[in-house]
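Any read-out appearing in this document is the output of simple, stated calculations on the displayed coordinates, not a laboratory observation. Keep in mind it's a predicted model, so treat the numbers as computed, not measured. Positions of Cβ are generated from backbone atoms using ideal geometry, with glycine treated the same way; all protein chains shown enter the neighbour counts.
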Amino acid sequence: MGLKGSFREFTPADIIQMLHLQRKSGRLTVRAEGRDWVLGFEDGRLVQANCGGFGAPRLGEILVRQGYLDRETLAKALTTQAERPRHLGAVLEEMGIVTHSDIARALSFQLQEIALNLFFLDDGDYVFERVPVNYDAEYTTPVNTEFILMEGARRVDEWPAIHEVVGGGDAVFERVNDARPARPLVQAERTVLDAVDGLRDVNALVSALSMGLFETCRILAQHAGQGLVRPARAGNAPLVEPISGTQPAGINRVQRMPPAACAAVDAHAAHAAHPAGHAVPRLWWLAGALALGASVAMWAALGRAPLP
């Protein structure tokens, strides 16, 4: 017997928490907003993820989406592969286009971004099955689900304030002349600031930078809060996540908050500037405690119907 139900009973975070704590292996399918999310777990760790109902994106497509190569180069690599069949990753490595680490990093990022989209869903159905999960073990590094749970809680907490600043996917930002950052920028922050040109909209920036929707928008909102960039054109089009190849509708339905709520963005920026030993915010501890409590409740509810 497997495990199935709806988000009215348990949230995606509850389910992932349980699979992590019980070190389950199998496939979790979530059906919501007209799409299927399929996550594969091995000993409680995330090893596979795809979304959209069209199967997992192939390695070449993932590398193109994340900016490691262009489609012309991919076509040449596929031709080479057809002449002497072997793993596409091996072909790309032989051509000197990407390294083994590049491929592993791209696949890991893909897994994380798809899984983290689940945290923005508020309605849907799920089923977990104890079935073999086939994944590219040569290049895939299993993702610790503790990270997914903590990062998902952080994103859900911070997104309303970020969304308030960024607006829609067709919004355009421009640099503020002579504005200087209050502290040295890390590489990701510099990359986003350099990409703001007053011409490309938010969706175009997200696609071009290959950092993911959340992280690009978070940094863009942070720069706006510090006066380094400002809106050149408002927008209300949906925000699109090109890394996973989906448009996470849940993230576009977030309730708009008062402008004062945007102070949370600057609070996060201040926290990021502290050393790694900085204390974990109390909200994160609370989120962890609530998730654990929900998992205990789930186990009790399933006491007579254990997972296979």
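General observations
- Those trypsin sites (Lys or Arg not before Pro) in region 1-96 that DSSP places in a loop and that have at most 13 other beta carbons within 10 Å: Arg8, Arg23, Arg58, Arg86
- Virtual paramagnetic centre 7 Å along Cα→Cβ of Lys4, amide N under 20 Å, in region 24-43: 25-41
- Taking every C-alpha pair closer than 8 Å and separated by at least 6 residues, the mean separation divided by the residue count of region 80-162 gives a relative contact order of 32 percent.
- In sequence order, calculated HN-Hα J values of region 12-20 (Karplus, 6.51, -1.76, 1.60; Hz; x Gly/Pro): x, 5, 4, 5, 5, 4, 5, 4, 5
- Global size of region 62-112 as Cα Rg and Dmax, reported in angstrom: 10.7, 33
- Over region 1-104: Kirkwood hydrodynamic radius from C-alpha pairwise inverse distances, Å: 16.1 Å
- Of the chymotrypsin sites (Phe, Trp or Tyr not before Pro) in region 1-93, the ones in a loop by DSSP (not H, G, I, E or B) with at most 13 other beta carbons within 10 Å are Phe54.
- Remark on Gln48: its backbone amide H falls under 5 Å from those of Gly40, a criterion applied only to residues 5 or more positions apart or on other chains, H modelled at 1.01 Å from N.
- Relative contact order (percent, whole number), region 102-247, Cα cutoff 8 Å, 6+ residue spacing: 29 percent
- Less than 5 angstrom separates the built amide H of Asp201 from none of the residues sequence-distant by 5 or more or on a different chain.
- Translational diffusion coefficient of region 80-172 (Stokes-Einstein, Kirkwood radius from Cα pairs, 4 °C, 1.567 mPa s): 77 µm²/s.
- Local net charge near Trp37, Cβ-Cβ under 12 Å (Lys/Arg +1, Asp/Glu -1): -1
- Net charge over other residues, Cβ less than 11 angstrom from the Cβ of Arg71 (K, R count +1; D, E count -1): -1
- With Cα atoms defining each centre, region 96-133 and region 17-85 are spaced 6 Å apart in the structure.
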